[in-house]
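Every number here is computed from the coordinates shown, using simple stated rules; none is lab data. The model shown is predicted, which means the values in this text are computed figures rather than measured ones. So basically every Cβ, Gly included, is an ideal-geometry build from the backbone, and we count neighbours across all protein chains shown.
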Amino acid sequence: MTPQTKPFRAEFRSLLAIAGPMGLSQFAQMLMGLTDDVLLGSLGATALAIGGLATGTFFTLTAILAAVIEAGGILLAQARGRQDHASLGTIITSMLVVALLLCVPELYCLAHVDTLLVWMDEPEAIRAPVTDFIRILMWAVPPALLGQGILTTALPVMGAQGILMRVMPVIAVVNGVFNATLIHGWFGLPTLGLHGSAIATVITLWCIPAIMLGFMARRPELRTALRPRAHDWGHTLQLLRTGLPMLAAAMAEVTLFQANSLEAARLGNSALAAFQIMLGIGMQCFVLYLALGQACNIRIGYWTGRGDPAMVRRTAWAGMILGVVLACVTTAVLALGRYHIISFYLDMALPDNAAAIRMALSLLLVGAAFQSADAVQVVATGILRGQGDTAIPMVLAILGYWGVGFPTGVYLAFHRGMGPTGLWYGIGTGLVAVFVLHGTRIMWRMRRQSTP
């Protein structure tokens, strides 16, 4: 083994050691949503629609705003690379300050969600219960941003991602028990139906930071490093400069999929059902890529802080290779197992489902073809963010998603008669465009760093 090969393989192991627990943690979070849907489905289709729309709105808004807090992970990783341990506590304080500030716009948006529902032409029978559900979920905003948002960002940077791996699967089970208990009135408690599910979600989201802090309290090095210290406006401003472009990029990506869902609805119920199946499967694959992208973010941030461009390049290549390998696996699963996948969503024997099944089979093949593009663009984004480069990539992401992806999908779907398949070709084209733009940015930075 050559001296160059050894650190390269070590970087593979380092990325996998971070990405594995984070991927499991994020999968457990998705499982919580699936559990909620199943339990609400036992109350009927209307309850499922109300709960799904309410929780989807809450978690989507939280995820977009949490992108600003995630920028703190970049600052923490770079500080660790510089061996600047004194700054870790002040960065945590800045993350707390920013998270507290972000509670205000989220609570405002959730308090006025009825206006959004009116704009979306949702019927009154849906608007009122969704609004009531979200007003209960508003009590979970502080733990989602102040607790879970900060801790799930900071712990992997400190090499404590194992805490996430231990806590989140247990929380998924606890969430299911709380939901079933409060929805159906188990153990002598009142039967609360929809409101019981909302209350259970609030309780679960408060439990997550409490349990994580309990694990942290048992590790003196984490207590010392992550203990909030005196506030530093310099770190807060740096956090905002790095995080606000990340928020804009996240919003561009989320709204792209939401807009395409609305376009799919114009094509009929069968087309919308097929599109939603592919969207759900795509999100599950995306969680895997996101964990790897966040691992690259952390490792690139560390080596950037150390001032070691050679290791930055080595980590970038390792991340890209792992992304392609992972995408090959998901591509094979989607392409070869699409009949089995669709059977989980639709009864293949019902004639009424034939059109949706036919469209879904086509969509899964298209989605499989673009898995590599999705994986490498997520990894490329993590590489740039780890270097603190977020403003230009934000512009490039908006150009790729909305300048290329969305108009391409609309043109193919409605002007070339390709239906939902055309919409997904547009999404895939947008992913390719973002990767090409971000990849070009990475190569430019690497050449610049290697120039004496």
- Note on the structure: Within the range 14-40, the residues whose backbone N lies under 20 Å from a label point placed 7 Å from the Cα of Val325 along the Cα-to-Cβ direction are 14-25
- Task: For His231 and Ala391, compute 0.36 nm times the residue count separating them, minus their Cα-Cα distance, and round to one decimal in nm.
- Result: 55.1 nm
- Message: Below 8 Å, C-alpha to C-alpha, sequence gap of six or more: please give me the relative contact order for the range 243-452 in percent.
- Response: 30
- Note on the chain: helices (DSSP H) long enough, at least 30 Å by alpha carbon along their axis, and hydrophobic enough, mean Kyte-Doolittle at least -0.5, are 5-41, 45-81, 86-111, 161-184, 194-217, 233-265, 269-306, 309-336, 419-450
- Average Cα contact separation per residue, the range 18-231, under 8 Å, 6 or more apart, as relative contact order %: 31
- For the range 407-452 and the range 112-159, compute the distance between their C-alpha centroids and round to whole Å. 30
- Message: Compute the distance from the alpha-carbon center of the range 225-250 to that of the range 258-315, in whole Å.
- Response: 23
- Query: Taking 0.36 nm per residue of separation and subtracting the Cα-Cα distance, what length does fully extending Ile126 through Phe257 add?
  - Reply: 44.9 nm
- Query: Can you give the helix-only mean residue ellipticity at 222 nm for the chain, where every DSSP H stretch with n ≥ 4 adds -39500 (n - 2.57) and the sum goes over all residues, rounded to the nearest 500 deg cm²/dmol?
  - Reply: -28000 deg cm²/dmol
- Difference of contour (0.36 nm per residue) and Cα-Cα distance, Val177 to Tyr339: 55.1 nm
- Tell me, what is the percent relative contact order of the chain, built from C-alpha pairs under 8 Å that lie six or more residues apart? 21
